[in-house]
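Remarks on the structure that follows.
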Amino acid sequence: MPPVAEVATRLGVSREAVEICRDSELIDLHIDTFIPPRLWGYDPLKRHRRALGGRSFFGHLDLPRMGDGGLSGAMWSITTNPFRGASARWRVFQKNWRGFQRLVQRSAGQLELTPDLAGYRAARARGAHAVLLSVQGANAFEAAPGGIRAAPEELVRATLVHLTTSRLGETNSPLRKASRIRGLTPTGRTFVEQLNERRIFVDLAHIHPRGFRDALEVHDRTQPLLATHCGVDGVLPHWRNLDDGELKQVADTGGVVGIIFAVNFLRRRGGPVDGAMIVEHMEHVRRVAGDDAVAVGSDYDGAIVPPRDLAGGETYPRLVQHMLDRRWSHEQIQKCLGDNFLRALGMLRP
């Protein structure tokens, strides 16, 4: 790991920002770094100079740059292709899961699958990056025997819907086609119940507000909810962002909201043009739902365009510098970086 002073100079931040990243549990609630290996054989175990197109779309992360930035763990997503049939989605998920396991094995202990809080602590004690397996698009399990019950034991989180409306429910994306489906379907409600049975996080990112309400109706309120990679309407009204009521409802379960790094969901007219736009959204979550409700959910490698100063995994200290510049305390920063999520994980899976 490069010396603190060297990293601070290279990133143009204070030593304090780098030290906070290294001394904290820094956990990103949503990364799509398994997509580039699937698309063109990108190797996330090797260092890459920059993202595709400079900072756009893919190639934001690799293990060396994650280490440079202090990222101690992340929810790595296996994203579902919604345009396949149900049986094909299940078959391809199993293939991707085998490929994901091979990636972890090939890391020779640098990556470690961690299904619970105890596993996370053990992985970190061994110096590994903690991998929390997630699935984006729970319709991957639509044709699985027993539905979610067939999911791997290591699965920590499932996002109910993604960018298309499915047999589980309605997306909030404007790309959704005209459909009779509104909110969650009976199948979607059953999937929420199955996730609760397995004590797998229900992730309400991407879901339409009607589906959000439906999920709350059937969700076990003793288990924390997540919204892993979103912005907030209170800063920028947008289909991809949560309103104040939704923020409070997630927080009331002990859950957390991860703020996405996608500029088009965050930047308000006249607002910051750098990573401070992310902190604006985080501060709104804190005001509305409390310090315990905010987290990081970059969506790196998920076809996003982040702010210019946060172009890749080595730049997390710049995010912390924005927090310091806005007079966040060390405790508030550490809660946001990882402590809030770890509390929620301990509630669900000690």
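The values are calculated or read from the model by the stated rules, or taken from the named source; none is laboratory data. A quick note: this is a predicted structure, and the numbers were derived from the prediction, not measured. Counting neighbours? That spans all protein chains shown, and the Cβs are built from the backbone with ideal geometry, glycine included.
Mind listing whichever residues of the range 250-303 are in a strand (DSSP E or B) and of a type in the set (A, V, I, L, M, F, W, C)? Selection gives Val256, Val257, Ile259, Val294, Ala295, Val296.
Of the residues contained in the range 153-161, none is found to be over 21 Å from the mean Cα position of the chain (by Cα) and surrounded by fewer than 24 Cβ atoms within 10 Å (Cβ to Cβ). Hey, does the range 34-41 have a residue that's in a loop (DSSP other than H, G, I, E, B), surrounded by fewer than 23 Cβ atoms within 10 Å (Cβ to Cβ) and more than 14 Å from the chain's Cα centre (by Cα)? Yes; the residues of the range 34-41 include at least one that is in a loop (DSSP other than H, G, I, E, B), surrounded by fewer than 23 Cβ atoms within 10 Å (Cβ to Cβ) and more than 14 Å from the chain's Cα centre (by Cα). Among residues of the range 280-302 that are over 21 Å from Met66 (Cβ atoms), none has a beta-carbon under 7 Å from a residue that is modelled with pLDDT of 95 or more and of a type in the set (Ser, Thr, Tyr) at least six positions away or on a different chain. Just one of the numbered conditions (1) more than 19 Å from Leu29 (Cα to Cα); (2) touching a residue at least 40 places away in the same chain (Cβ under 8 Å); (3) surrounded by fewer than 20 Cβ atoms within 10 Å (Cβ to Cβ) is not true of Val235: (3).
Looking only at residues of the range 112-133 that are assigned to a loop (DSSP other than H, G, I, E, B) and touching a residue at least 40 places away in the same chain (Cβ under 8 Å), we find that the one that is nearest to Arg349 (Cα to Cα) is Asp116.
If you go through the range 53-72 and keep only what is in a strand (DSSP E or B) and either touching a strand residue (DSSP E or B) at 6+ places or on another chain (Cβ under 9 Å) or of a type in the set (Lys, Arg) (or both), you end up with just Phe57. Please find, within the range 9-33, the residue that is surrounded by the most Cβ atoms within 10 Å (Cβ to Cβ) out of those that are among the aliphatic types (A, V, I, L, M) and in contact with a strand residue (DSSP E or B) (Cβ under 8 Å, 6 or more places away or on another chain). Looking at the filtered set, the residue picked out is Leu29.
Looking only at the range 214-221, decide whether some residue is outside any helix (DSSP H, G or I), more than 23 Å from Arg89 (Cβ to Cβ) and at pLDDT below 95. Checking the range 214-221: at least one residue is outside any helix (DSSP H, G or I), more than 23 Å from Arg89 (Cβ to Cβ) and at pLDDT below 95. Restricting Glu331, Glu314 to residues that are more than 20 Å from Ser134 (Cα to Cα) and either under 18 Å from the mean Cα position of the chain (by Cα) or of a type in the set (A, V, I, L, M, F, W, C) (or both) narrows the list to Glu314.
Taking the listed residues Leu342, Leu247, the one that is farther than 16 Å from Gly231 by Cα and part of a helix (DSSP H, G or I) is Leu342, with no other qualifying.
Name the residues in the range 319-350 that are charged (D, E, K, R) and surrounded by fewer than 24 Cβ atoms within 10 Å (Cβ to Cβ), would you?
The initial filter retains those residues of the range 319-350 that are charged (D, E, K, R), namely 325-327, 331, 335, 339, 343, 349.
Once the filter is applied, which keeps residues that are charged (D, E, K, R) and surrounded by fewer than 24 Cβ atoms within 10 Å (Cβ to Cβ), the range 319-350 yields Asp325, Arg326, Arg327, Glu331, Asp339, Arg343, Arg349.
Here the range 165-180 is the region considered, the condition is being buried (at least 19 other Cβ atoms within 10 Å of the Cβ) and not in a strand (DSSP E or B), and the residue that is modelled with the lowest pLDDT is Thr165. Number of residues in the range 67-98 that are surrounded by 14 or more Cβ atoms within 10 Å (Cβ to Cβ), over 19 Å from the mean Cα position of the chain (by Cα) and over 30 Å from Glu170 (Cβ atoms) equals 1.
Output the residue which, of all residues in the range 206-229 that are among the hydrophobic types (A, V, I, L, M, F, W, C) and closer than 20 Å to Gly302 by Cβ, is surrounded by the fewest Cβ atoms within 10 Å (Cβ to Cβ).
Filtering the range 206-229 for residues among the hydrophobic types (A, V, I, L, M, F, W, C) gives 207, 212, 215-216, 218, 225-227.
From what's left, closer than 20 Å to Gly302 by Cβ: 207, 226-227.
On the way: Ile207: 28, Leu226: 31, Ala227: 32.
That would be Ile207.
Residues of the range 306-337 that are in contact with a Phe, Trp or Tyr (Cβ under 8 Å, 6 or more places away or on another chain), at pLDDT below 95 and in a loop (DSSP other than H, G, I, E, B): Gly312 alone. Please indicate, with yes or no, whether at least one residue in the range 54-62 is farther than 22 Å from Ser134 by Cβ, surrounded by fewer than 16 Cβ atoms within 10 Å (Cβ to Cβ) and without any contact (Cβ under 8 Å) to a residue 12 or more places away in the chain. No: the range 54-62 contains no residue that is farther than 22 Å from Ser134 by Cβ, surrounded by fewer than 16 Cβ atoms within 10 Å (Cβ to Cβ) and without any contact (Cβ under 8 Å) to a residue 12 or more places away in the chain. Looking only at residues in the range 73-111 that are modelled with pLDDT under 95 and in a loop (DSSP other than H, G, I, E, B), the one that is farthest from His129 (Cα to Cα) is Gly85. Per the conditions (1) modelled with pLDDT of 95 or more; (2) surrounded by fewer than 23 Cβ atoms within 10 Å (Cβ to Cβ); (3) more than 20 Å from Asp325 (Cα to Cα); (4) not polar (S, T, N, Q), the sole criterion not satisfied by Arg240 is (1). Arg149 meets each of the listed conditions (1) outside any strand (DSSP E or B); (2) touching a residue at least 40 places away in the same chain (Cβ under 8 Å); (3) crowded, with 23+ Cβ neighbours inside 10 Å; (4) not β-branched (Val, Ile, Thr) apart from (3).
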